[in-house]
Amino acid sequence: MKSFSLSSLLMSSMRGAGVLAALAASSVPAQAADPVKVGIALDISGPFSAGGAETRDGINLAIKLLGGKLGGQAAEFLQADTAGSPDQAKQVADRFIQRDKIDFFTGPVPSNLALAVGPALFAAKVPYITSNPGPSQYAGEQCNAYFFGSTYQNDTWDEAAGKYASDKGFKSAVLIAPNYPAGRDHLNGFKRTFKGSVSAEIYGKVGQLDYAAELAQVRALKPEAVFFFLPGGMGINFIKQFVASGLSKDVTLVTSPASADEDTIAAVGEPMLGLFSTSQWSHDLPNAANVKFVAEFRKAYNRYPTFYAAQAYDAIMAIDGAVKDVGGKVQDKPAVLKALKAANFASVRGPFKYGNNNYPIQDYYLRVIGKNSEGKITNKTLSTPLKAYRDAYFAKCSMK
């Protein structure tokens, strides 16, 4: 009778247990990786609702074209309305951070909301890729490695507009904006490059719709140009009232895309003809990514996109590129920040790069509103007043 030692019996038992464990493990499906979560703060109601709706549509188009994934990974896109309120925006951001454990954040439209949500996002080490606002604070002394001003710095549209107005030979201008952070940034930008005299700087209320008093000032001052930053309904009403007053016969209007894009054109119509604006993007830019974006947007929504939609689309594509670069390992924050900074995605603006303060170095275009070959009122790009341009605040940022 064959004998077995205790050690051989134990070894045999262990080998049998190992086989059973392996078989058991092979019968259990592998745990799916957690989806990449993006918190999206939108302004679907409130004074910035027009831009909020365009932002939503641009984001949703990007999500559709990416098959609902980011960098090939499963993803969740959590959307919430801020109603244009800083307090509500902070509540939305806190919920995204604490309850939903988001990996990335984008939105909302106005700069005061961006300033309101930033501190909590930065403390939680959640990368914030803006879909629109570029406040001067985050470009300069309050710059942060977790904020990517992927669109523009507020002043830069207007620095391009000021250069155009100077090149055109305008000697005097009246400046008009709502009294909030972006309004002050935009007028500061125009003043930085305008070589003529500023006859008056007029600040109204956010959401203001009656500009009779402001137009009376313009009439009395008789400037050669009026530069205004009045997004959404503010700009729609201002342009209508300005043209109806007869001032457009003697005074040239210059603005940013916030009051000269396709949504404003649709609301105002013929009075928009001849309006000049400066922007880092336009729907007629011929690069391949933009041609695809505009075609897909028109197919999905039966209209031309605005800069809000284009920027929001870019924000999602920027996140997609970063997730792809880190192989889905979004918990590796240093790697994610490095990937976002590399900007490895096809932007609708064409090539751009980030400066030390995480704001883009890019071209700014001059556009005029006219009728195209189809008789449609729309923007046409004329020239590039500023090339490979960076904002005025980068030297104040401590990041290298």
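Overview of results
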item	result
Matching residues in the stretch 53-65 - criterion: being touching a strand residue (DSSP E or B) at 6+ places or on another chain (Cβ under 9 Å) and either open to solvent by 40 Å² or more (accessible area, probe 1.4 Å) or closer than 28 Å to Leu230 by Cβ (or both)	Ala53, Thr55, Arg56, Ile59, Asn60
Qualifying residue in the stretch 168-185 (condition: in contact (Cβ under 8 Å) with a residue 12 or more places away in the chain and at positive phi)	no
Failed item, numbered, when Tyr180 is tested on (1) at pLDDT 95 or above; (2) open to solvent by less than 40 Å² (accessible area, probe 1.4 Å)	(1)
Extreme residue, surrounded by the most Cβ atoms within 10 Å (Cβ to Cβ), among residues of the stretch 106-140 that are farther than 26 Å from Lys387 by Cβ and in contact with a Ser or Thr (Cβ under 8 Å, 6 or more places away or on another chain)	Pro108
Residue within the stretch 194-211 that is farther than 15 Å from Pro47 by Cβ, of a type outside the set (Ser, Thr, Tyr), crowded, with 22+ Cβ neighbours inside 10 Å and modelled with pLDDT of 95 or more present	yes
Residues of the stretch 295-307 satisfying the condition of being under 24 Å from Ala160 (Cα atoms) and either surrounded by fewer than 24 Cβ atoms within 10 Å (Cβ to Cβ) or of a type in the set (A, V, I, L, M) (or both)	Tyr304
Tally, over the stretch 68-104, of residues that are in a helix (DSSP H, G or I) and free of Cβ contacts under 8 Å to residues at least 40 places away in the same chain	8
Residue satisfying all of: in the stretch 37-52; open to solvent by less than 30 Å² (accessible area, probe 1.4 Å) and assigned to a helix (DSSP H, G or I); nearest to Leu230 (Cα to Cα) among these	Gly51
Residue count for the stretch 236-263, restricted to those that are in contact (Cβ under 8 Å) with a residue 60 or more places away in the chain and more than 21 Å from Pro385 (Cα to Cα)	3
Residue within the stretch 94-101 that is closer than 24 Å to Lys333 by Cα and in contact with a Pro (Cβ under 8 Å, 6 or more places away or on another chain) present	no
Some residue of the stretch 151-166 being open to solvent by 50 Å² or more (accessible area, probe 1.4 Å), within 24 Å of Tyr393 (Cα to Cα) and either aliphatic (A, V, I, L, M) or touching a helix residue (DSSP H, G or I) at 6+ places or on another chain (Cβ under 8 Å) (or both)	yes
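The values are calculated or read from the model by the stated rules, or taken from the named source; none is laboratory data. All values reported here derive from a predicted model rather than from experimental measurement. Here Cβ is always computed from backbone atoms with ideal geometry, including for glycine, and neighbour counts include all displayed protein chains. Just the protein is used for accessible areas: all its heavy atoms, side chains included, with ligands, DNA and RNA removed. Shrake-Rupley method; radii C 1.70, N 1.55, O 1.52, S 1.80 Å.
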